[in-house]
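Read the figures in this text as sums done on the coordinates, not as results from a lab. Only a predicted model underlies this, so the values are computations on that prediction, with no experimental measurement involved. Cβ: placed from backbone, ideal geometry, glycine included. Neighbour counts: every protein chain shown.
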Amino acid sequence: MERSVPMPGEGKFALDRQAYDDDTQWQASLMDLAYDAIIVRDPQSRVLFWNRGAEQLYGYSAKEAMGQITHELLQTRFPESGEALDRHLATGELWQGELVHTCKDGTQVFVESRQTIRRNARGEPLAILEINRDITGRKQQEREQLERYHTIVRTANEGIWLIDREAQTLYINERMAAMLGYAVEELVGHAVPEFVFPEDLPKAQERIGRNLQGHFEQFDFRFRRKDGRPLEVLACTTPIHDATGRIGGALGMFTDVTERKQAEVDQLRLAAIVESSDDTIVSKTLDGIITSWNLAAERMFGYSSQEAVGQHITLIIPPELRAEEEMILAKLRRGEHIDHFETVRMRKDGSRLDISLSISPIKNRAGHIIGASKIARDITESKRLRRDLEFLADASKVLSSSLDYKTTLQALARLAVPHVADWCAVDMLGEDGTIERVAIAHIDPHKVAWAEELRKKNPVNMDAAHGIPQVLRTRVSELVPFVNDDLLVATAVDDEHLKVLRDLGLTSAMTVPLVIDGKAEGALTFALAESSRHYTRADLIMAEELASRASLAIENARLYQTVQQSRDQLEIILQGVADGIVVYAPGNRMLYANEAAALIGGYHSAQQMLAESPPVLFNRYELIDEQGQSFPHDRLPHLRVFAGEPQAQAVIGSSEALAGQPEHWWLVTSRPVAGEGGGVAMAVTIVHDMTEQMVAERRKDAFISMASHELKTPVTSLKGFTTILQRRLSRQSDTQGLHYLARMDAQLDRLTALISELLDLSRMQSGKLALHEEPVALDALIEETVEMVQAASVTHRLLIEGSTDAQVLGDQERLRQVFVNLLTNAIKYSTQVEQVIVRLVRDEEGRQAIVSVQDFGIGIDKAHHEQIFERFYQVGDAEEKTYPGLGIGLYISREIVERHRGHLWVESSKGNGATFFVALPVLSLSEQADLG
Ligand code: ADP
């Protein structure tokens with residue numbers, strides 16, 4: 001293949017032709033074999049030779065390249081400049097460096113270039129030889145590697161910080177900047193000391209100094225963050241060499257350990273808390289192996305941490321409670337907590353203690369339960385407290401069980417042994433100022449007897465500066481936690497006594513006063529003997545509480561005795577009273593009766609009466625009321641009181657019908673005693689014998705009855721004679737005589753009226769006032785009556801208003817008598833205003849017909865509203881005294897109305913007139929039909 005061999009052209013320099021040709025021939029062939037681009041150029045840089053390697057690398061053929069200026073053809077990029085290269089070549093030294101060339105197709109290639117200059121014998125530059133090796137691939141790789149490296153550095157989780165010899169920042173990665181709380185831009189150009197706490201500066205400088213001396217360093221360090229907080233790092237720093245091999249700075253790699261540090265601190269703090277906690281804190285694995293044991297645990301159980309850690313938890317569990325641990329571990333494995341589990345644990349010395357456990361499972365990061373931590377609290381004290389409270393509750397029961405305080409105190413002393421004391425004694429101050437032992441208790445009864453004996457032999461020295469006399473004097477309790485011999489010596493009366501006291505082996509004692517009504521009247525003494533326990537303030541408080549309850553009980557007992565005494569006195573009085581006194585409870589139950597009541601009831605004694613069930617007061621008699629009618633049982637006063645009446649009274653008689661029984665009359669009065677709930681708890685009934693009074697009354701009634709009968713006959717005759725006389729005198733036209741006769745007749749009428757009132761009264765008394773009942777047209781009856789009364793009155797005007805349209809069942813004449821009575825009273829007691837209004841109405845339901853008689857006269861004070869219906873009652877004011885009458889009209893009227901199943905009442909006040917009301921049941925149509 002024809003080779004285009006570079007021919008010496010119009011070169012400036014003369015060449016040794018032959019030599020050059022020969023040389024050139026084989027050299028050219030050789031150079032074509034080379035892969036590298038070999039270029040020969042003249043001193044003006046025009047291409048003289050262009051081998052195949054150059055053709056292949058750059059794309060230009062030798063033909064195209066020949067004569068071209070190389071750096072123009074290949075757009076050479078020099079490391080410095082073309083001139084610099086030329087200057088170097090001019091020195092005659094080999095130049096070596098990297099160039100960037102642009103190929104024919106425009107691509108760029110990196111070449112590693114070696115160039116040298118050839119000179120002729122005269123030393124003039126002949127040609128420049130240039131060999132360029134394509135390093136584009138290698139460059140590419142390098143660049144990629146660098147990029148990768150950059151990415152790594154930039155995105156590393158470690159902070160990377162490059163500094164120069166002056167500690168100025170040359171490079172810092174984002175992570176480092178972030179760790180410090182800055183942006184990268186804020187850090188470049190700043191020196192390391194700016195990011196270090198002043199106190200840490202010497203340390204930083206020392207490390208950097210060592211790096212600059214060529215050492216690799218690894219250490220913990222802290223920087224100061226932008227926000228002033230510390231940044232804890234693990235630092236690895238290393239020296240950096242420059243191209244010349246000199247140390248130009250240092251590179252640091254920093255790992256943020258702030259969190260780890262914090263966790264370490266937390267861990268330490270937690271451990272410190274656990275260690276210093278007053279609560280016992282123990283942790284263990286799920287197999288029960290103890291893994292931690294704090295100081296409190298050491299104190300509580302007596303094992304040191306070294307002794308306990310690694311041991312099984314059964315170390316402190318009493319043998320009989322081993323099963324409990326299985327239960328606890330099973331719960332923990334299920335992840336459950338155990339709160340305030342009360343149990344017993346064992347100390348190193350084998351003694352037991354009451355504790356309350358709270359156990360929580362310990363979980364690892366993955367949430368698996370790997371063990372348990374338990375907090376134990378000593379509850380010996382609270383258990384003791386609970387026992388004390390139970391004891392106090394029991395004591396309270398004992399104290400309230402009896403009202404005999406000596407018995408009570410003995411029971412109390414027995415109760416205190418052995419819970420509170422080995423010995424318990426109660427002493428009371430006697431009236432003579434000496435101390436009397438009321439109770440003593442010890443577990444062993446022999447010792448009790450012996451102690452009693454001892455006390456008899458050695459009475460208490462009242463002047464002693466301690467013990468019971470001192471407590472009684474000062475009312476301050478005495479606590480002797482440890483009984484020592486000095487105390488025994490001080491207490492002993494004599495040597496023998498001292499010996500006995502020593503033999504007792506007392507270890508601890510306390511004495512508390514029994515303060516009643518502000519005075520120390522006794523003392524409770526508790527003592528421990530043959531026991532390793534000692535009293536503490538807590539025991540004393542309990543004892544004082546017990547004493548205050550006992551004092552209260554004594555006070556109650558005394559109070560009860562006092563009450564008992566006054567009750568006894570009262571009882572004597574009640575039993576001596578002539579009236580019968582009975583106290584009823586609801587349900588007709590008799591609570592109390594005095595002797596007089598028993599006598600009335602026909603019993604030998606009150607006791608006998610009350611023992612009977614049910615005791616009855618009047619069972620011997622058939623009871624009657626004042627009219628001789630049978631007395632209805634439900635009207636008995638005490639039953640009326642239980643039914644709600646504020647007071648009830650009745651005159652009750654015993655019927656004479658029972659053969660052999662003398663007549664008896666009683667005034668029975670009952671009053672309620674209110675219970676706590678407000679209801680009637682009791683009814684106190686007083687039975688006053690009024691037989692004599694009643695007999696006298698009866699006699700009086702009998703006299704009235706007889707007198708009115710006796711009077712009636714002569715008056716009737718007189719009335720008859722006046723009629724005869726009247727006829728006579730009219731015939732003789734003796735007007736004068738007739739006038740006197742008329743006045744006599746009027747007086748006779750009044751006499752007749754008075755007598756018939758008296759007769760009615762006595763009939764009523766003896767129950768002989770008969771009623772002839774029939775339907776009565778009320779309105780018509782009223783009209784007739786009013787007309788009749790009006791006819792006799794010249795002074796007053798009587799008006800009727802309204803109507804009842806009612807038929808009532810009754811005795812027409814008796815009812816008329818009622819209305820006449822009311823109307824005449826209205827006229828009689830209203831001399832000033834001469835009008836009387838009679839109103840006829842029905843009640844709301846229409847079942848009652850109501851007739852009211854209203855006057856505008858003197859009126860009646862409220863105090864007399866009921867009494868005016870009693871017989872012989874007249875309002876006793878001086879004013880009323882002037883009105884004639886017997887005071888029995890209203891009594892009879894009410895009797896009549898009530899026997900007609902009606903009511904009679906008054907509404908009035910003094911000076912404002914009076915209105916009397918008569919209400920009578922209306923006869924219904926069906927009733928009228930029945931009566932037909
Ligand atoms: P007397 O025959 O005295 O009127 P009564 O039984 O009819 O007896 O009345 C009793 C007492 O009631 C009378 O004495 C009088 O004091 C009083 N009294 C009765 N009716 C009236 C009345 N309309 N106004 C004032 N007082 C009256």
### Rounded to 10°, Cα long-axis angle of helix 735-765 versus longest principal axis of the chain
50 degrees
### Message
Let me check against my output: what whole-number percent is the relative contact order of the chain, with C-alpha pairs under 8 Å and at least 6 apart?
### Response
4 percent
### Task
Normalising by the residue count of segment 826-932, find the relative contact order in percent from Cα pairs under 8 Å and 6+ residues apart.
30 percent
### Task
Write down the percent of antiparallel bridges among all DSSP beta bridges whose residues are both part of the chain, to the nearest 5.
95 percent
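In nm, what is the difference between 0.36 nm times the number of residues separating residue 394 and residue 931 and their Cα-Cα distance?
Length difference between fully extended and current span is 185.5 nm.
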### Task
For residue 170, list long-range residues whose amide hydrogen, built 1.01 Å from N in the peptide plane, is under 5 Å from its own amide hydrogen.
162, 163, 164
## Note on the structure
For segment 415-500, the Cα gyration tensor yields equivalent-ellipsoid semi-axes (√(5λ), largest first, whole Å) of 19, 17, 16
### Query
Say R0 is 30 Å: what FRET efficiency, to the nearest 0.05, do residue 165 and residue 186 get from their beta-carbon distance?
0.85
### Folded to 0 to 90 degrees: helix 691-731 orientation relative to the chain principal axis, Cα
50 degrees
### For segment 857-932: rounded, prolate or oblate by the Cα gyration tensor [a/c cutoff 1.5]
prolate
### Task
With everything on Cα atoms, drop me the angle between helix 405-416 and the longest principal axis of the chain, reported from 0 to 90° to the nearest 10.
20 degrees
### Task
Pull up all non-local amide H partners of residue 196: gap of 5 or more, or a different chain, and H-to-H distance under 5 Å with H placed in the peptide plane.
224
### Task
Using only the alpha-carbon atoms of segment 498-626, report the extent along each of the three principal axes, biggest first, to the nearest angstrom.
84, 31, 28
### Query
What nm value, rounded to one decimal, do you get for the distance between residue 72 and residue 271 when each label is placed 7 Å out toward the C-beta?
8.2 nm
### Message
Given axes a ≥ b ≥ c from the Cα gyration tensor, I'd like to know whether segment 760-904 is rounded (a/c under 1.5), prolate (a/b larger than b/c) or oblate.
### Response
oblate
## Note on the structure
Amide H proximity to residue 857 below 5 Å, modelled H, separation 5+ or other chain, gives 913, 914
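Tell me, what does the Kirkwood hydrodynamic radius of the chain come to in angstroms if you use every pair of distinct C-alpha atoms?
46.3 Å
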### DSSP-defined antiparallel bridges as percent of all bridges, segment 791-854, nearest 5
50 percent
### Query
Cα centroids of segment 305-351 and segment 696-738: how far apart, whole angstrom?
122 Å
### Task
Quickly work out the residue 791-to-residue 44 label distance, labels modelled 7 Å from Cα along the C-beta direction, and quote it in nm with one decimal.
18.8 nm
### Task
Calculate the spin-label point distance for residue 380 paired with residue 865, positioning each point 7 Å from the Cα along the beta-carbon direction, and give it in nanometres.
8.1 nm
## Note on the structure
Here the tail fraction of P(r) beyond 15 Å, over all Cα-Cα pairs of segment 305-407, rounds in percent to 72 percent
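For segment 369-502, what relative contact order do you get, as a whole percent, if you take Cα pairs closer than 8 Å and at least 6 residues apart?
12 percent
Rounding to the nearest 20 debye, state how big the charge dipole of the chain is about its Cα centre with +1 on each Lys and Arg Cβ and -1 on each Asp and Glu Cβ. Provide the component values of the computation, followed by the final result.
Working: 101 positive and 137 negative charges, 123 e Å.
That gives a dipole near 600 debye.
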### Query
Can you work out ³J(HN,Hα) from phi for every residue in segment 97-104, in order, using Karplus 6.51 cos²θ - 1.76 cosθ + 1.60 and θ = phi - 60°, giving whole Hz and x for Gly and Pro?
x, 9, 10, 10, 10, 10, 7, 4
### Task
Give the peptides 731-738, 167-174, 399-406 in descending order of average Cβ contacts within 10 Å, highest first.
167-174, 399-406, 731-738
#### Entry: Calculated from backbone phi, Karplus (6.51, -1.76, 1.60) coupling profile of segment 505-518 in Hz, x at Gly/Pro
x, 5, 10, 7, 8, 8, 10, 10, x, 9, 9, 10, 6, x
### Query
What would the Debye formula give as log10 I(q)/I(0) at q = 0.17, 0.19, 0.21 Å⁻¹ for the alpha-carbon point model of segment 132-283, no solvent?
-0.99, -1.16, -1.34
### Summary
Diffing segment 595-610: the Karplus 3J(HN,Hα) column from phi (6.51, -1.76, 1.60, θ = phi - 60°), in whole Hz with x for Gly and Pro, holds 4, 4, 5, 4, 4, 4, x, x, 9, 6, 8, 4, 4, 4, 5, 5
### Message
Based on alpha-carbon centroids, what's the gap between segment 811-871 and segment 88-140 in Å, whole number please?
### Response
159 Å
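With a ≥ b ≥ c the root eigenvalues of the C-alpha gyration tensor of segment 595-701, is it rounded (a/c under 1.5), prolate (a/b larger than b/c) or oblate?
oblate
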### Message
Suppose we keep just the DSSP beta bridges with both residues in segment 707-848; what percent of those would be antiparallel, to 5?
### Response
40 percent
### Summary
Beyond 18 Å (Cα-Cα) in this structure, taken from 700/828; 712/828; 456/519; 63/104; 284/374; 457/519, we find 700/828; 712/828; 456/519; 457/519
### Task
Select from 239, 364, 916 the residue farthest towards the positive end of the dipole of the chain; place +1 on Cβ of Lys and Arg, -1 on Cβ of Asp and Glu, and compute about the Cα centre.
239
### Query
Per residue Cα convex hull volume for segment 187-231, in cubic angstrom?
81 Å³
